[in-house]
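The values are calculated or read from the model by the stated rules, or taken from the named source; none is laboratory data. Owing to the predicted nature of the structure, the values given are computational and were not obtained by experimental measurement. Note that we place each Cβ from the backbone using ideal geometry, even for glycine, and neighbour counts take in every protein chain shown.
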Amino acid sequence: MPTTQASDDAFAEVKARVDLVKVVSEHVRLSKRNKDLWGLCPFHQEDSPSFKVNPQMQSWYCFGCGRSGDVFTFVELIEKTDKRGALQLLAERAGVELKKLTPEQRERADARRRILDVLKLAAQYYEYVLWKLPAGEPGRKLLESRHVGEETASKFQLGYAPAGRGFAEYLRAKKRSLLDAQEAGLTRFDGTDFFAERLVIPIRDERGQTLAFTARTVRQDEQRKYINSRDTPVYIKGRVIFGLDLARDEITRRGHAVLMEGQFDVITGHQFGVGNSVAASGTSLTEDQVRLLKRFTDELLLVFDADRAGREAARKAAVLAAQHGMRTRLATMPEGKDPDEFLRAGGAEALQRWRDLSDRAPAAIDAAIDYFATGLNPSNPNQLESVGGQIREYIRKFPATLHETYAELAERKTGISRHLLLRDPEPAPSRPAAGGARTGRPAPTMKVTPSRYLVQLLAVRPRAMDQLKARLTPGELDEDVREIFVRMLESYERGGAGGLEADLNGYPPEEQDLIRRAWAAPPPNVDDEVAVELAERIRLEHMKGMHSGIIRELSEAERGRDSERVARLEAEARELARAITDMERRGQTSRA
Ligand SMILES: [Zn+2]
């Protein structure tokens, strides 16, 4: 088929031009061990690296979650796109023209390229005006009054848009189309500058590409302090995190991102050494933004205004973050200052003061409970009822695995009984008893463990190994069959379906025995589907075992008041619980 041919070519061409290591490095910190590179897997929660990149083979593999593949599968998973989408992203980056784009796709890609191009020109032009032209004076003054130095300004590529039609003239001189500038939201129909008489701040993606601008007025009489680019083919507000391109390394180094409200807060943050500060630009924090941040860290330090709206926003952000397995802490600026004012007021001690504040910042859930319980009089039953109701309602917004821990925390803080805090507002629908009642294919009767059954099945049907490679890692099997499983896997990889028979004499005697017995009396159901079912069951059991281990460890950590460990374990437990639920749900639908 000619189309497949063409797209195979495209895959091959793109693959030849991009380096997997470079692509992965944008998401994972890799370090070299032997000839491979290792890092923390971006697809499952872990503390020690089991994610391996092989630069020679341009392939990757995770020993923790068993995912693996090439640069396309990596991009597919990390950008949550499909194969076609991954191809497109990588092709764009490699500068490969995709022949098989539909006319509309090609038009869109062209429009994107033109807009990105004109945005880049605009950023350069504004920056030039700010520093080199007399017209840039008001912008320079504003920066001076905000204690933003030239170095910081140039990192953010700040600029100044003069009154009139400056940018349009500039484009004309360069013989560029004014239409692109209009489409990018930079100029009006008459060619006047949309951001005229404003300090212009580029909004860039995590790779540093300018997607839009936000602009602050320099005039006292102007009502609208900030104006923003509208959404365009390259810019969707809720998808960008301001400052992330500059902050990403420091975020990884410090282990958390500082999430502020304003772009100027972030600029001042970087000026004063808070290099891990970012802002949700132009909106309250969105799901997409959390997902983006999650690629770089598991913890957010929220710095929101101390007013009612700010606190509300912080509480929402904490819930959203928790739903993506992130922890949050809340820093409160003293005397109602915003971070920008706080840092400027600190002068030479600003960074030290900031660190103190940041170290003391409580978990966002602590702060929320304290807030709800402000002024609570525990001997007043009405108050207890209403405060308890507020806390209960808030806790319920978090993932279910956190409810108990949070209710305990609230009980400790307020004296309101955890049972009251966990009480369901309405009776939950009764669930069918776990296990048992499922119909369909009768599950293999287990006189043996699922792990053992699987080994017997593989002895009879080595080909089922193909189904298992992506579904199961040896570490998930019961310990007593791990070694034999690995040996059988090796035999299969070496010799295919006949590999086991060929290698068997080299196996330890008890393993030979197990396999020969399975040959003599095969287990009742032997096919790929059973193998898959077993793998899922084994994996599920393994995860449940790990989960209860973590819960045990968690209560120990709580007794020891080791808050850092508690937070880490909570996050792990949450991640696992979610994976378990997902898996159980998938299991049910696939059997339905
Ligand atoms: Zn993994």
Given the conditions (1) modelled with pLDDT under 95; (2) of a type outside the set (Lys, Arg); (3) more than 16 Å from the chain's Cα centre (by Cα); (4) closer than 23 Å to HIS27 by Cα, which single one is not true for ASN228?
(4)
Helices (runs of 4 or more DSSP H) within segment 301-404 that include 2 or more residues within 20 Å of the chain's Cα centre (by Cα), modelled with pLDDT under 85 and among the small types (Gly, Ala, Ser)
none
Return yes when PHE195 is within 30 Å of LEU293 (Cα to Cα) and part of a loop (DSSP other than H, G, I, E, B) and no when it is not.
yes
Residue identified as within 27 Å of PRO138 (Cβ to Cβ) and either out of contact with any helix residue (DSSP H, G or I) (no Cβ under 9 Å at 6 or more places or on another chain) or surrounded by fewer than 17 Cβ atoms within 10 Å (Cβ to Cβ) (or both) among ARG216, ARG230, ARG248:
ARG230
Suppose we keep only residues that are under 16 Å from the mean Cα position of the chain (by Cα) and more than 9 Å from the ligand (Cβ to nearest atom) within segment 28-44. Which one would you say is nearest to HIS324 (Cα to Cα)?
VAL28
Tell me, please, whether a residue that is touching a Pro at 6+ places or on another chain (Cβ under 6 Å) and polar (S, T, N, Q) can be found in segment 497-510.
no
Tell me, yes or no, whether segment 131-142 has at least one residue that is more than 24 Å from ILE241 (Cα to Cα), without any contact (Cβ under 8 Å) to a residue 12 or more places away in the chain and among the aliphatic types (A, V, I, L, M).
no
Residues that are closer than 30 Å to LYS294 by Cβ: list the helices (runs of 4 or more DSSP H) wholly contained in segment 476-592 that include at least 3 such residues.
528-559, 563-591
Checking ARG230 against (1) in contact (Cβ under 8 Å) with a residue 24 or more places away in the chain; (2) of a type outside the set (S, T, N, Q); (3) not in a loop (DSSP other than H, G, I, E, B), the condition it does not meet
(3)
Which residue is farthest from the ligand (Cβ to nearest atom), if the candidates are limited to segment 53-82 and must be out of contact with any Phe, Trp or Tyr (no Cβ under 9 Å at 6 or more places or on another chain) and on the phi > 0 side of the Ramachandran plot?
GLN58
Residues that are within 18 Å of the chain's Cα centre (by Cα), of a type in the set (Lys, Arg), surrounded by 17 or more Cβ atoms within 10 Å (Cβ to Cβ) and under 24 Å from ALA579 (Cβ atoms): does segment 65-73 have at least one?
yes
List the pairs whose first member sits in segment 59-83 and is part of a loop (DSSP other than H, G, I, E, B), whose second member is among the hydroxyl-bearing types (Ser, Thr, Tyr) and within 16 Å of the ligand (Cβ to nearest atom), and whose Cβ atoms are under 6 Å apart, counting only residues at least 6 apart or on separate chains?
PHE63/SER50; GLY64/SER50; GLY66/THR473; ASP70/SER59
When segment 1-27 is examined, which residues are found to be modelled with pLDDT under 90, touching a helix residue (DSSP H, G or I) at 6+ places or on another chain (Cβ under 9 Å) and of a type in the set (Val, Ile, Thr)?
VAL14, VAL18
